[in-house]
Structure formats: C-alpha cells, structure tokens
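So the structure is just underneath, and the comments pick up after that.
The values are calculated or read from the model by the stated rules, or taken from the named source; none is laboratory data. In this text, all values refer to a predicted model and were calculated from it rather than measured experimentally. FYI the Cβ positions are ideal-geometry reconstructions off the backbone, even for glycines, and counts take in every protein chain you see. These accessible areas exclude ligands, DNA and RNA; they are computed on the full protein's heavy atoms, side chains included. Shrake-Rupley method; radii C 1.70, N 1.55, O 1.52, S 1.80 Å.
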Amino acid sequence: MTGIVTDGIGSGLQLGPLLDQLKAAEQIPLQALQAQSVSYTSKLSAYGTLSSLLNNFQTASSALAASALYQTVKATSGSASVLTAVAGANGAAGSYAINVSQLAQAQTLAAVGQASAKTSIGNGTVTIQFGKVSGGTLDPSTGKYSNATFAADASRAAGSVTIDSSSNTLEGIRDAINKSTTLGVTATIVNDGGTNPNRLVLTSNTTGETSSMQISVTGDAALENLLSQNVGGGNQNMQETVSAMNAKLTVNGIAITSASNTVTDAIPDVSMTLVSAANTTLTVARDTTAVSTAVTAFVTAYNNLQKAATTLTAYDGTSKTGAVLSGDSVLRSIQSGIRSLLTTPQNVTGGSTGGFASLSQIGVSLQTDGTLSIDSVKLSKALNTNLDSVGELFSGTTGNSGTGLGTQLTSLLKGFNATDGMLTAATSGVNKTLDDLSKQYKVMSAQIDDTMARYKSQFTALDLIVTQLNATSTYLTQQFDAINNTK
C-alpha cells in the first residue's frame with residue numbers, strides 16, 4: 001500500500017531508518033524557525049515585564065506629582081485612650097493642651113419591672129419629645145427629678161408610635177419602638193433578677209443635654225403608668241439611670257462644650273473623638289510621613305525597573321551570550337530618557353538659595369549601578385525644614401504645576417506605553433514577527449509532510465521492485481542449478 005513502509009520487509013532494505021534520517025534533514029529549517037520563535041517569545045515577555053514596571057514607576061511618579069500630597073495635615077494625639085483626631089487639609093497647625101473633664105452621654109430611662117415580658121399591658125399612643133432638663137435635683141436612688149423644668153428642643157419634632165393589641169406586651173412595645181423611624185430611641189428589655197425582673201429600657205440615639213426624653217401617653221392607664229415621663233409638670237413613672245450630658249473639655253485653657261463626643265469645631269478642620277476624661281496633648285502639623293512614604297515608593301519602583309533592565313541586558317562571559325534585550329534600542333531609549341529627567345535640575349523657587357532643584361538635594365542619589373539610594377537623614381531634614389520646596393521639586397511651582405519632576409516623569413512614562421509609544425510599537429512588531437513565523441512554520445511543515453509522503457511512496461515502490469528482482473534471482477538460480485545437475 002502506498003504510504004506504508006514496512007522497513008523493507010520484502011526486500012530486506014533498511015528503509016525505516018533511512019526515512020527517519022531524511023525527515024530529520026527536512027526538519028532542520030523548522031528547528032531554525034522554532035528557535036527564532038522562542039527568541040521572539042522571550043523578547044515579548046521581556047517587553048511585558050518592562051511595561052508592567054514602567055506602569056508601577058508611573059504610578060509612583062504620579063503620586064509625587066499631586067500637589068495635594070504636600071498639603072496633607074496630620075493630627076497626633078498624645079494619648080489615644082483620651083482622644084483620637086483627624087485633620088483636614090486646612091487643619092490649623094499647632095500644639096494644643098486638651099483637658100477632657102466630661103464625656104457626652106445619651107439619656108437612659110428604665111420602666112418599672114414586669115413579671116412577664118409577654119403579658120398584655122395596655123393600648124395607646126406613646127409620644128416622645130427631646131429637650132433639656134434644667135434646675136432641680138436628681139435623686140440617684142429613685143432616678144426622679146424634683147423642682148426641675150423641661151424645655152423642648154424646638155429643632156426636633158416629637159415622634160409617636162401606636163401600641164395596639166398586636167404590640168401591647170413588654171416585648172411588643174420594645175419591638176414597636178425599635179421599628180419606628182421617628183422616635184430616635186432604642187428599646188431593650190433588661191432582667192434585673194427581682195420579683196418583677198423584666199424592665200423596659202429606653203436609650204436616646206443622640207448624646208447631649210438637649211436629648212433628654214419627655215414621654216406622654218394617651219390611652220390605657222396601665223400603659224401610661226409604665227411609660228409616662230413628664231419632668232417638671234406631671235408623673236415621672238420611669239427611672240433615669242443615665243443622664244443626658246454634653247462633653248466638656250478645654251483646649252489651651254478655653255472651655256468647650258459639645259453635644260457629641262466627636263468635636264469638630266474646637267480647632268479649625270480638626271475632628272476630635274473623645275474617649276475618656278483625662279488630660280493629653282494634640283499636635284497638628286503638615287504630614288511629612290506621607291511624602292516620605294511616596295518618595296520611598298518612587299525610589300523602589302525605579303530601582304525595580306533598573307534591576308530588571310540590567311538583568312535583561314546582561315552578558316554571560318562563560319557562554320558568550322547576551323540576555324534577551326542585550327543591545328535593544330527600545331530599552332536603551334527608555335533608560336536614557338528617564339535618566340536624563342532624573343539628573344536635570346528643576347526650575348524651582350529659590351533653587352540656588354535654599355530651594356531644592358534636584359533629587360540629590362533631598363537625599364535621593366544615583367548609584368554607580370544605575371539605581372537610586374535614599375539618605376533618610378537628609379530626606380527627613382528636607383521634609384521638615386522646607387516641605388513646600390520638596391513639593392515644587394516634584395509637582396511644580398505654584399500656578400505652573402506641569403513643571404515638576406513627578407509630572408514630567410509621569411508624562412514620559414505614560415508615553416512609552418501609549419498606543420503610539422515606542423514600547424507599544426516594539427511589542428506590536430514582535431507580535432507580527434511571531435505571527436509571520438507561525439505562518440512560515442505551518443507552510444514549511446505541510447511541505448515536509450508532502451515530501452515525506454512522496455519518499456514513502458517511492459520507497460514502497462522500490463521495496464516491491466527489489467522484492468520482485470530477488471524472486472526472479474532465486475528462480476533463475478534454481479533453474480541453473482537444475483540444468484547443472486542433469487549433466
């Protein structure tokens with residue numbers, strides 16, 4: 001059968017090994033194409049690595065180019081157990097002595113105990129108004145006021161909830177209050193372990209002395225006797241267990257009161273959260289830590305790029321071969337462009353009289369291996385003594401923000417990876433070459449298959465001819481032997 005070679009089974013010829021040798025010879029050009037494909041694939045991978053590292057360096061440069069970075073203000077509390085603080089961009093720099101004498105509290109009222117939380121009490125409407133209790137005294141044993149007055153907070157409307165047959169147990173009243181969106185109160189049931197242990201407890205959702213509760217009830221007397229709370233003008237059927245209080249503190253000796261433990265107006269654009277009553281300090285200053293972190297990230301991103309470039313262009317003296325991007329013009333252009341910007345003095349205010357016009361002036365220097373190093377002491381001094389000039393170095397002068405080193409680097413790096421950028425163009429060129437090599441490989445592989453099929457057909461025919469000749473030779477030999485034997 002044409003196309004099948006049985007290693008000269010009829011002729012005895014070693015046709016199989018011969019075909020293997022012919023095929024190996026035919027595939028030598030394929031191996032060359034494969035080697036080229038592997039080389040270009042490695043180059044494509046190297047360009048991908050460069051692209052990623054350039055993006056990282058671009059991100060780090062962009063962070064330093066943002067002028068807002070140099071306006072960040074940080075508030076540092078002397079004791080987080082007394083207060084914590086957050087400063088906005090316009091926080092007033094300074095050092096503040098803080099004395100917290102009282103924290104803001106939300107009022108809590110407890111109703112008389114009930115034997116069961118599931119027994120019906122009564123129906124009616126419960127209305128809660130918030131306001132301030134003034135004058136009089138509070139008996140701590142009973143939680144009742146004497147000779148006090150209540151002034152409603154006119155800025156807050158009263159809220160009401162209806163208690164009916166579906167909600168007139170202690171549990172039902174609790175749930176009805178908690179479902180209400182207008183009362184501003186949270187209800188719980190506390191078991192005090194007494195004879196009638198189940199006590200309904202109401203806590204204002206808002207701290208401050210103007211958040212005391214005045215509760216009126218219309219409906220069944222049992223419901224009124226449970227919840228009515230009218231300081232200075234009627235029954236006080238609930239017990240005040242926690243009084244509504246404002247926070248009290250002094251800032252550099254100036255008295256401050258706040259309805260909330262979050263104090264936002266004592267120091268401009270600084271929000272303090274009070275934690276406990278004690279003394280502490282608060283320092284508000286420009287945040288050099290954020291800038292230092294950004295500079296470190298910038299140096300790290302550049303060094304990662306430089307180290308990768310060194311590896312991709314290295315020369316192995318033993319094997320006398322260069323790395324995948326050895327001598328690559330695209331990488332050389334990228335490195336040259338970046339290095340040029342890093343070493344070019346910037347046009348900043350007072351560049352020769354105290355301002356920082358170069359990276360080396362703030363402690364960032366190029367090393368002999370092409371990487372950057374940071375002198376942390378020099379950088380810290382630059383940030384603490386002239387943060388504005390560091391900002392100019394990276395983000396540009398006021399009103400001319402496009403001139404900073406960070407801005408220029410961001411633009412340059414973005415251009416490398418842009419649609420029409422040199423790295424994008426180089427990557428596209430490699431992809432096109434790989435596509436062409438793939439097409440060549442397919443065509444050449446098909447041609448080799450055709451050639452081998454032809455060889456197999458020819459060898460099969462040769463095997464048949466040799467087999468026939470061998471048979472004829474055997475026949476003739478037999479005939480000659482027969483004739484010789486008759487003589």
Problem - Partners for Lys378 among lysines (Cα-Cα distance below 25 Å; same-chain residues under 8 apart left out) - result: Lys74, Lys307
Exercise for the section: Mind giving me the nanometre distance, one decimal, between the label points for Ser95 and Ile483, set 7 Å out from Cα along Cα→Cβ? Expected result: 13.2 nm
Fill in the blank from the handout: For Kirkwood radius over Cα pairs in Å the list reads [x] 34.3; [y] 24.4; [z] 32.3; the calculated value is entry [z]
Problem - Signed unit charges on C-beta, dipole axis of the chain, positive-most listed residue Leu202, Gly370, Ile177 - result: Gly370
Fill in the blank from the handout: To the nearest 20 debye, the chain has a Cα-centred charge dipole, built from +1 on Lys and Arg Cβ and -1 on Asp and Glu Cβ, of 680 debye
Problem - Thr250/Thr424 FRET efficiency (R0 45 Å; Cβ-Cβ; nearest 0.05) - result: 0.15
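Using the structure shown, select from Lys320/Lys442; Lys43/Lys439; Lys414/Lys439 the pairs with a Cα to Cα distance greater than 23 angstrom.
Distance filter (> 23 Å) returns Lys320/Lys442; Lys414/Lys439.
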Practice task
Please report, as a whole percent, how much of the solvent-accessible surface of the chain comes from carbon and sulfur atoms (probe radius 1.4 Å).
Solution key: 52 percent
Handout entry: Extension gain (nm, one decimal) between Gln36 and Ser329, 0.36 nm per residue minus Cα-Cα
Key = 103.6 nm
Exercise for the section: Set the Förster radius R0 to 56 Å, insert the Cβ-Cβ distance between Thr264 and Gln440 as r into 1/(1 + (r/R0)^6), and round the FRET efficiency to 0.05. Expected result: 0.20
Exercise for the section: Report, ordered by chain and residue number, the lysines lying within cross-link reach of Lys179, taken as a straight Cα distance under 30 Å and ignoring same-chain residues fewer than 8 apart. Expected result: Lys118, Lys132, Lys144
Completion exercise
When the charge dipole of the chain is computed with +1 at the Cβ of Lys and Arg and -1 at the Cβ of Asp and Glu, the Cα pointing farthest to the positive end, of Leu103, Ala222, Asn123, is that of Leu103
Handout entry: Net charge, Lys132 excluded, C-beta distance under 9 Å - Lys, Arg +1, Asp, Glu -1
Key = -2
Handout entry: Förster radius 51 Å - calculated FRET efficiency between Asp388 and Thr321 (Cβ-Cβ, nearest 0.05)
Key = 0.50
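Using a 1.4 Å probe, what is the accessible area per residue for the chain, in Å²? Please list the in-between numbers first.
Details: 24960 Å² over 487 residues.
About 51 Å² of surface per residue is accessible.
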Practice task
In nm, give the distance between the simple-model label positions of Asp164 and Thr76, each being 7 Å from the Cα along the Cα-to-Cβ direction.
Solution key: 6.2 nm
Completion exercise
Probe 1.4 Å, all chains present, heavy atoms only: Asp269 accessible area in Å², nearest 10, is 70 Å²
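Explain nothing, just the number: dipole magnitude of the stretch 94-190 about its Cα centre with +1 on each Lys and Arg Cβ and -1 on each Asp and Glu Cβ, in debye rounded to the nearest 20.
60 debye
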Exercise for the section: Could you tell me which of Thr188, Thr84, Ser61 has its Cα farthest along the dipole of the chain towards the positive end, charges placed at Cβ (Lys, Arg +1; Asp, Glu -1), taken about the Cα centre? Expected result: Ser61
